[in-house]
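Written below as structure tokens is the structure these notes are about.
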Amino acid sequence: MKKVGNHKSISRIIALSLAFVMSISLNSFAQEAAPAVVATTAPAAGGDAVQGKALFNSNCAACHKLDAKMTGPALRGVTAKHDKTWLYSWIKNSSALIASGDADAVKLFNENNKSVMTAFPQLSNADIDNILAYTDTVIEAPIKTPTAGAEGASSEGGISNNLILGLLAGILAVLVAMLFMVNNVLGKIAKANGIEVAEKAKTLPIWKAFAKNQFLVLVSVILLMLTSAFFVYGYLSQIGVDKDYAPIQPIHYSHKIHAGDNGIECKYCHSSARVSKNAGIPSLNVCMNCHKNISEFQGDKDSTYVEYTKEYYTGEIQKLYDAVGWDKTTQKYTGKTKPVKWVRIHNLPDFVYFNHSQHVTVAGIECQKCHGPVETYEIQRQFAPLTMGWCVNCHRETDVKVEGNDYYKKIHEELSKKYGVDKLTAAQMGGLECGKCHY
């Protein structure tokens with residue numbers, strides 16, 4: 001009987017064809033464009049809305065918004081409600097206008113919980129005209145740009161991507177069916193003509209060949225044991241080390257915005273770091289010192305705050321209001337509060353003693369030394385590993401702050417002569433003694 005090659009290798013062609021078609025992916029050409037908002041200005045006579053915006057932000061924004069009530073009423077379109085001459089008098093000295101008995105002034109004062117408005121005698125009529133021009137800015141309805149059809153067609157009216165993928169899938173199915181049919185026909189022809197398909201020669205399985213080679217087995221076992229020991233040691237050494245740990249908090253707080261762009265001092269919020277062991281979590285009252293009058297995100301499309309949208313930040317401020325029980329519409333506390341379950345980030349073992357005041361107040365260490373460049377963090381994370389080796393290295397590299405510190409003055413003079421140095425490190429002052437951190 002005549003022998004021929006293995007015609008069943010056609011199955012390899014099928015597998016290659018399948019892999020080729022599966023590797024093709026088409027990106028959608030049509031993307032839904034975000035609606036655009038067009039703003040036009042209807043400036044008051046002689047007013048400049050651009051200059052007015054700057055004046056508004058520096059003088060009025062603490063108590064007013066254009067479209068929402070804060071301490072004072074919303075100011076968009078205020079020129080349609082009051083005469084301009086009256087507005088000049090009100091803005092420059094509202095208290096005097098109220099004291100004069102002016103009906104509109106008294107009514108406005110009572111409607112806003114009798115909140116006294118700051119007088120602005122330094123503003124000229126031209127400045128006020130600019131502010132009023134800004135308050136007359138009209139925001140038109142969003143303009144929606146054309147989007148792609150539901151079938152996934154391109155913006156130029158091309159063929160649907162789904163249609164192309166469907167055609168390719170159909171062609172693939174036909175090819176697979178044809179190849180199976182050809183394979184079946186060839187098998188029948190070979191059988192009818194008495195042709196025997198050559199079978200592959202049997203070879204020894206690789207695992208049996210490997211098992212018979214004792215040298216390779218020994219070397220492999222040794223390498224496996226060393227590799228396992230390396231990974232086990234690495235795993236065990238990382239237990240309790242949470243470097244770069246950045247959990248999602250119940251209320252999003254951006255250190256980048258507060259400490260970075262707005263320059264708020266770390267110890268304004270974490271005031272306990274100066275005088276106690278723990279830095280502490282700021283109370284919501286500290287947040288409300290500013291956010292009582294900042295109820296929405298102040299950035300715009302040109303802002304450096306690019307991590308999230310304006311609506312997202314404004315929503316997080318609303319979470320703060322819900323927690324503290326503040327009604328931004330009535331500008332009053334409701335008395336209904338909700339606890340905020342903050343997620344702790346930095347956590348030392350119970351057998352380690354660390355005192356913030358010793359490092360912040362006595363040693364004068366900056367917060368960034370341990371916590372990293374927090375002013376650049378959108379989401380707070382653990383910067384340092386906080387391992388014993390990391391702390392010991394810091395003690396070896398950091399000089400003791402002696403200036404204005406009589407506690408260390410005498411011992412520093414004696415030890416500096418002993419070690420022959422001008423300045424002692426924390427390690428030379430006993431910073432490597434076990435009892436300093438473990439007792």
| Residues of the stretch 226-275 classified as under 25 Å from VAL362 (Cα atoms), among the hydrophobic types (A, V, I, L, M, F, W, C) and touching a residue at least 24 places away in the same chain (Cβ under 8 Å), total | 4
| request: Tell me which residues, restricted to the stretch 189-211, are surrounded by 10 or more Cβ atoms within 10 Å (Cβ to Cβ) and assigned to a helix (DSSP H, G or I). | output: ILE189, ALA190, LYS191, ALA209, PHE210, ALA211
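Okay, residues lined up against (1) touching a Gly at 6+ places or on another chain (Cβ under 9 Å); (2) within 14 Å of CYS60 (Cβ to Cβ); (3) modelled with pLDDT of 85 or more; (4) loosely packed, with under 14 Cβ neighbours inside 10 Å:
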| residue | (1), (2), (3), (4) |
| --- | --- |
| HIS82 | no, no, yes, no |
| ILE91 | no, yes, yes, no |
| GLY101 | no, no, yes, yes |
| ALA105 | no, no, yes, no |
| ALA119 | no, yes, yes, no |
| THR135 | yes, yes, yes, no |
| ILE143 | no, no, no, yes |
| PRO146 | no, no, no, yes |
| message | Under 8 Å between Cβ atoms, which residue pairs at least 6 apart in sequence (or on different chains) link something in the stretch 423-439 that is open to solvent by 40 Å² or more (accessible area, probe 1.4 Å) with a partner that is among the acidic types (Asp, Glu)? | response | LYS423/ASP399
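Aliphatic (A, V, I, L, M) and over 23 Å from ASP242 (Cα atoms): does that describe VAL392?
Numbers: aliphatic (A, V, I, L, M): yes; over 23 Å from ASP242 (Cα atoms): no.
So VAL392 does not fit the description; no.
Would you tally the residues in the stretch 418-439 being over 28 Å from ILE345 (Cα atoms) and assigned to a loop (DSSP other than H, G, I, E, B)?
Quick first cut of the stretch 418-439, residues over 28 Å from ILE345 (Cα atoms) only: 418-425, 428-430.
Right, trim to assigned to a loop (DSSP other than H, G, I, E, B) and you get 420-424.
The qualifying residues number 5.
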| task | Could you tell me whether the stretch 232-249 includes any residue that is modelled with pLDDT under 95, among the polar types (S, T, N, Q), under 30 Å from GLU307 (Cα atoms) and within 21 Å of the chain's Cα centre (by Cα)? | result | no
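Scan the stretch 387-404 and give yes if some residue there is in contact (Cβ under 8 Å) with a residue 60 or more places away in the chain and open to solvent by 40 Å² or more (accessible area, probe 1.4 Å), otherwise no.
Taking every residue of the stretch 387-404 in turn, at least one turns out to be in contact (Cβ under 8 Å) with a residue 60 or more places away in the chain and open to solvent by 40 Å² or more (accessible area, probe 1.4 Å).
A quick yes/no check of all residues on (1) of a type in the set (Asp, Glu); (2) open to solvent by 70 Å² or more (accessible area, probe 1.4 Å); (3) within 21 Å of the chain's Cα centre (by Cα):
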site: HIS255; (1), (2), (3): no, no, yes
site: ILE264; (1), (2), (3): no, no, yes
site: ALA279; (1), (2), (3): no, no, no
site: LYS292; (1), (2), (3): no, yes, no
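Looking at GLU378, GLU414, which is the one that is farther than 22 Å from GLY240 by Cβ, charged (D, E, K, R) and over 36 Å from the mean Cα position of the chain (by Cα)?
Details: GLU378 fails: over 36 Å from the mean Cα position of the chain (by Cα).
Unique residue meeting the criteria: GLU414.
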| Which number in (1) aliphatic (A, V, I, L, M); (2) open to solvent by 80 Å² or more (accessible area, probe 1.4 Å); (3) under 30 Å from ARG344 (Cβ atoms) marks the one condition that VAL241 misses? | (2)
| query | Any residue at all in the stretch 407-417 that is crowded, with 16+ Cβ neighbours inside 10 Å, modelled with pLDDT of 90 or more, among the aliphatic types (A, V, I, L, M) and in a helix (DSSP H, G or I)? | reply | no
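Within the stretch 222-232, is there a residue that is farther than 20 Å from HIS346 by Cβ and in a loop (DSSP other than H, G, I, E, B)?
We begin by selecting, within the stretch 222-232, every residue farther than 20 Å from HIS346 by Cβ; these are 222-232.
Now drop any that are not in a loop (DSSP other than H, G, I, E, B), which leaves none.
Scanning the stretch 222-232, I find no residue that is farther than 20 Å from HIS346 by Cβ and in a loop (DSSP other than H, G, I, E, B), so the answer is no.
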| In this structure, does PHE351 turn out to be in contact (Cβ under 8 Å) with a residue 12 or more places away in the chain, aromatic (Phe, Trp, Tyr), touching a helix residue (DSSP H, G or I) at 6+ places or on another chain (Cβ under 6 Å) and part of a loop (DSSP other than H, G, I, E, B)? | no
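The values are calculated or read from the model by the stated rules, or taken from the named source; none is laboratory data. Since the model is a prediction, treat every value here as computed from it, not as a measurement. Positions of Cβ are backbone-derived with ideal geometry, glycine not excepted, and every protein chain shown enters the neighbour counts. Ligands, DNA and RNA are excluded from the accessible area calculation, which covers all protein heavy atoms including side chains. Shrake-Rupley method; radii C 1.70, N 1.55, O 1.52, S 1.80 Å.
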